[in-house]
Amino acid sequence: MKNFINKLTAPLGIIQIIAKYEPMYLFWSLPQIILNAVLPLLYVYAPKLIIGKLTDGSPYKDVICVILVYCGILLILNIANKYLSGKSEFSADRFTKKLRFEIGKTVMRLDIGDMESASQRNIVGMANNAKNLTDTLAITQQMISNIITVIGLAAMAASLDIVFFFAIAIVLCFKSFFTYIRYAYDKKMREPRQKNQLVGEYLEGLAYFNHGAEKEIRVNNLQEWFLGKVKGYRRDMLEWQYHDFRMYALFDCIMAILTAAESFLVLYLLSDKYMEGLISIADFTMYFSAVITITAALSSFAEQIGQYNKQLLNVWDYKKLMRLAGSHCITSNIPAGVPESVEIIFDDVSFAYPGCEKYTLAHINLTIKDREKLVVVGLNGAGKTTLIKLLCKFYRPSSGKITCNGTDIWDIPNNEY
């Protein structure tokens, strides 16, 4: 129930984020809801008027008048829609750049320990998809437009036959079921894809941008080993892509079969009513267009629900990143200024790297007096660099604390420290 409520209220959170960084996007995009809902109604109803005029013997000038009015309204609405679309796309692009910049600033505030953790890197990588929040709101707009369109078309078709609604409902249930399966599949594959992408980015960085790695690979004759890693990454990537292709192709084939079956049923029922003289050819055209458009709108709505759920994952990943960054915010009001003398104390400090059970440093007690000079020596892996990283606040101690003049260094703002 809580998850369902979060999904319903998510658009409000998205609107707040967009309003914070690019409020003009809302100004240009929201009127499109009405336009996108009205246009399908116009496409369905106008042909009935034109065909009706042609078949009931109306004067030629009356037919031309209806056509001109229809084309004029259509032209005005389409121009307005194109104008609003262009403006909203421009605003969406600006929003994307602003949010990416904000995500970059947030990532820069994270501890090095967080950035070196594979799970946290996944959060950062997936949160970067939040730059597409405007896509989530656009999907919400399309869903609202489709609901308005369906209500209007249903009112047109309501006087014909309840069988049509049963046919539409059955097809929609099947389509919704397969749409949910597709969403569940995308959700399941999201994290493995991200992990594979991180591997690819790491290997690419070694191959093209890390000159030290180039030397290491050649000096130690690791070319075949490195190529094996690259081939393994590409093999996994191609397997994901091929698997996605098969799954999506299967879903698309099932949807096409259901749509074809529904079209056959609707045409058969309408033809039967026309042969019985219950509807005119103009009614036949309108009802068929209405039912097919309702089906398309509902099918699109079902697909948009899947896309909406998929986009919500981006929103939640963005919020995870914000919570991760917020958990390390320093709110202490330590006075500014450098003290005349400084004493740093390691008080029973222990530290283990994320994902490691073994402590690199265990129960370290050390006092560094003001202006004292120390030399830290030890074997490789003894923890010399880790000790300095803890002192520089690159990592938090697993236990114990480090104080500066009696204050925990993690309570001191970085600029002051």
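How many Å² of accessible area per residue for segment 197-291, probe 1.4 Å?
Numbers: 6570 Å² over 95 residues.
For segment 197-291, the per-residue accessible area is 69 Å².
How large is the dipole of segment 233-288 about the Cα centre if only Lys and Arg carry +1 and Asp and Glu carry -1, each at its Cβ, rounded to the nearest 20 debye? Numbers along the way, then the final one.
Working: 4 positive and 8 negative charges, 49 e Å.
Its charge dipole is roughly 240 debye.
For segment 184-317, what relative contact order do you get, as a whole percent, if you take Cα pairs closer than 8 Å and at least 6 residues apart? Walk me through the numbers on the way to the answer.
Numbers: 31 pairs, mean separation 27.2, N = 134.
Normalised by residue count, the contact order of segment 184-317 is 20 percent.
Quick one: Cα centre-to-centre distance for segment 185-263 and segment 358-397, in angstrom?
About 40 Å separates the Cα centre of segment 185-263 from the one of segment 358-397.
Give the accessible surface of segment 20-119 per residue, rounded to a whole number of Å², with probe radius 1.4 Å and ligands, DNA and RNA excluded. If you can, show how the numbers build up before the last one.
Values: 5980 Å² over 100 residues.
Per-residue value: 60 Å².
How high is the relative contact order of segment 7-109? Use alpha-carbon pairs under 8 Å, at least six apart in sequence, and give a whole percent.
Values: 45 pairs, mean separation 45.4, N = 103.
In percent, rounded to a whole number, it is 44.
Along segment 34-50, what does the Karplus equation 6.51 cos²θ - 1.76 cosθ + 1.60 (θ = phi - 60°) give for ³J(HN,Hα), rounded to whole Hz, x for Gly and Pro?
So the Karplus estimates, Gly and Pro as x, are 5, 4, 5, 7, 6, 4, x, 4, 5, 4, 7, 7, 4, x, 4, 5, 5 Hz.
Quick one: accessible area per residue over segment 343-417, 1.4 Å probe, rounded to a whole number of Å²? All intermediate terms of the calculation are to be shown ahead of the outcome.
Numbers: 4890 Å² over 75 residues.
On a per-residue basis, segment 343-417 sits at 65 Å².
A362 to F394: FRET efficiency via 1/(1 + (r/R0)^6), r the Cβ-Cβ distance, R0 22 Å, to the nearest 0.05?
After rounding, the FRET efficiency stands at 0.75.
Per the 1.4 Å probe, what fraction of the accessible area of segment 214-285, in percent, lies on carbon and sulfur atoms? Walk me through the numbers before you get to the answer.
On the way: 3330 of 5240 Å².
Carbon and sulfur together cover 64 percent of it.
What residues qualify as long-range amide H neighbours of Y353, i.e. H under 5 Å apart, gap of 5 or more or another chain, H built at 1.01 Å from N?
Close amide H contacts, sequence-distant or interchain: T360.
The values are calculated or read from the model by the stated rules, or taken from the named source; none is laboratory data. Just so it is clear, the structure is predicted and the values come from calculations on it, not from any experiment. For neighbour counting, all protein chains shown are included, and Cβ atoms are generated from backbone atoms with ideal geometry for every residue, glycine included. Remember, those area values only see protein heavy atoms, side chains included, never the ligands or the DNA or RNA. Shrake-Rupley method; radii C 1.70, N 1.55, O 1.52, S 1.80 Å.
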